[in-house]
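Let me begin by presenting the structure, written as structure tokens, before commenting on it.
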Amino acid sequence: MTWNWNVNNNRSQRERFAGPLVIFGLVVAGLLLLVVLYPEKSLLNLLSAQEVSSPAQRRYLEALIHLRPDDSHLVLVLARSYLASRAPLQTLETLDHLREPQSDDVRKKVRQLRYEALRQQLLSLPAGSSEWQRFQPLFAEQVDQLLGQQPSRAEMEKVLADAERVGDSASAKKLKVLLKPFGDAPAPPAPDGTPAAHAAAAIAGRDYRAAARIYFTEMQGSPTARQKRHYFLAGVKALQSGNLVAEALAAGEQRINGLAGDRETLLFMARLALAANRPDRSQFYIRRALGMPGEGGTP
């Protein structure tokens, strides 16, 4: 009986492929893999649908980039997010994390982002200041890179306007010389006199606030709620098109009184509040759209 018991015990030991601690460790590792994988998959799906706009999303994306440092797509998404938030220095720092080799498409996108970030940075600095002098050569370098890509006349005219606006006279002079062979630009067609045409002309000239003022003025004289909503949304979207998201939210809250019961307007304001990183205001408008009392008070 003793001999049989030892045989059975040895067989039981041979059939056990691992101890309880090893089994527990495998289970924990599997759970950790799921925790890491599925949030990452969800975030990537989110990134394919819209731009990252909130600080929380950016922090999550930064952590994900540490896990996937060779993923240039994630780095570009984060850089665009900082650029849209008017954070040019963070944009440039993010782009510095890109690793070689890079595809031609990635290099083109990087040049565009660096150019726009440096333009933003120079616009935020007093012309001729020490900080301005530090970033001006970097901006001029981006201009030279753009000129090396054989840009169209329209692209060169846009860069010329940017160079003059930031005070980069050297780049502006160079662009004027290159534009001489094209001759004088044809005069743009005169607006047809409608508010929409004048607003479109203002947006084409990057004067988003002027376009919004045109729409909001028309809103005040509109006789119907439908027309008021049309001009209200157009005015707020004009500010959004210039990345003035916080200003768009403030303007919308200031002028929404006549549309406080309009469901479409309330849902639009809820989305706008999220884009402006104001989830409290977004929740307020969602509750109003659902017919519930809006916690947090009126705008």
Checklist entry - Just for the stretch 118-142: of the residues that are under 24 Å from residue 73 (Cα atoms) and touching a Phe, Trp or Tyr at 6+ places or on another chain (Cβ under 8 Å), which one is surrounded by the most Cβ atoms within 10 Å (Cβ to Cβ)? => result 118
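Is it the case, given these coordinates, that residue 214 is within 27 Å of residue 157 (Cα to Cα) and not basic (Lys, Arg)? Let's see the steps before the verdict.
On the way: within 27 Å of residue 157 (Cα to Cα): yes; not basic (Lys, Arg): yes.
Spelling it out, residue 214 is indeed within 27 Å of residue 157 (Cα to Cα) and not basic (Lys, Arg).
Does residue 250 satisfy the condition of being assigned to a helix (DSSP H, G or I), aliphatic (A, V, I, L, M) and either closer than 22 Å to residue 194 by Cα or modelled with pLDDT under 85 (or both)? First the steps, then the outcome.
Numbers: assigned to a helix (DSSP H, G or I): yes; aliphatic (A, V, I, L, M): yes; either closer than 22 Å to residue 194 by Cα or modelled with pLDDT under 85 (or both): no.
Criteria not met by residue 250.
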Next on the checklist: As an exercise: evaluate residue 225 against (1) touching a Phe, Trp or Tyr at 6+ places or on another chain (Cβ under 9 Å); (2) over 30 Å from residue 116 (Cα atoms) and give the number of the one condition it does not meet.
Outcome noted: (1)
Item to check | Test: residue in the stretch 120-128 that is outside any helix (DSSP H, G or I), in contact with a helix residue (DSSP H, G or I) (Cβ under 7 Å, 6 or more places away or on another chain) and either in contact (Cβ under 8 Å) with a residue 12 or more places away in the chain or not β-branched (Val, Ile, Thr) (or both) | outcome: yes
Checklist entry - Among the residues of the stretch 141-168 satisfying the criterion of being outside any helix (DSSP H, G or I) and at pLDDT 85 or above, which is farthest from residue 108 (Cα to Cα)? => result 167
Checklist outcome for this item: residue 138 vs (1) within 27 Å of residue 240 (Cβ to Cβ); (2) within 23 Å of the chain's Cα centre (by Cα); (3) assigned to a helix (DSSP H, G or I); (4) of a type outside the set (S, T, N, Q): all pass except (1)
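If a residue must be closer than 30 Å to residue 248 by Cβ and not assigned by TED's automatic domain parsing to the domain that holds residue 67, how many such residues does the stretch 82-115 contain?
Residues meeting the conditions: 8.
Would you check if residue 62 is among the charged types (D, E, K, R) and at pLDDT 85 or above? First the steps, then the outcome.
On the way: among the charged types (D, E, K, R): yes; at pLDDT 85 or above: no.
Criteria not met by residue 62.
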Next on the checklist: Anything in the stretch 128-144 that is under 14 Å from residue 162 (Cβ atoms) and polar (S, T, N, Q)? List them, or say none.
Outcome noted: 136, 142
Checklist entry - Taking the stretch 77-105 only, how many residues are surrounded by fewer than 16 Cβ atoms within 10 Å (Cβ to Cβ) and of a type in the set (S, T, N, Q)? => result 2
Next on the checklist: Looking at the stretch 197-212, I want the residues that are at pLDDT 85 or above and have a partner that is outside any helix (DSSP H, G or I) and surrounded by 15 or more Cβ atoms within 10 Å (Cβ to Cβ) with Cβ atoms under 7 Å, at least 6 apart or on another chain. Which pairs are those?
Outcome noted: 208/242; 208/244
Checklist entry - Do the conditions hold for residue 97, that is, is it within 23 Å of residue 62 (Cβ to Cβ) and either among the small types (Gly, Ala, Ser) or outside any helix (DSSP H, G or I) (or both)? => result yes
Item to check | Residues that are under 14 Å from residue 135 (Cα atoms) and not aliphatic (A, V, I, L, M), drawn from the stretch 92-123 | outcome: 93, 114, 115, 116, 119, 120, 121
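The values are calculated or read from the model by the stated rules, or taken from the named source; none is laboratory data. The shown structure was predicted, so the numbers you read here are calculated from the model rather than taken from an experiment. Don't worry about glycine lacking a Cβ; one is built from the backbone with ideal geometry, like all the others, and counts go over all protein chains shown.
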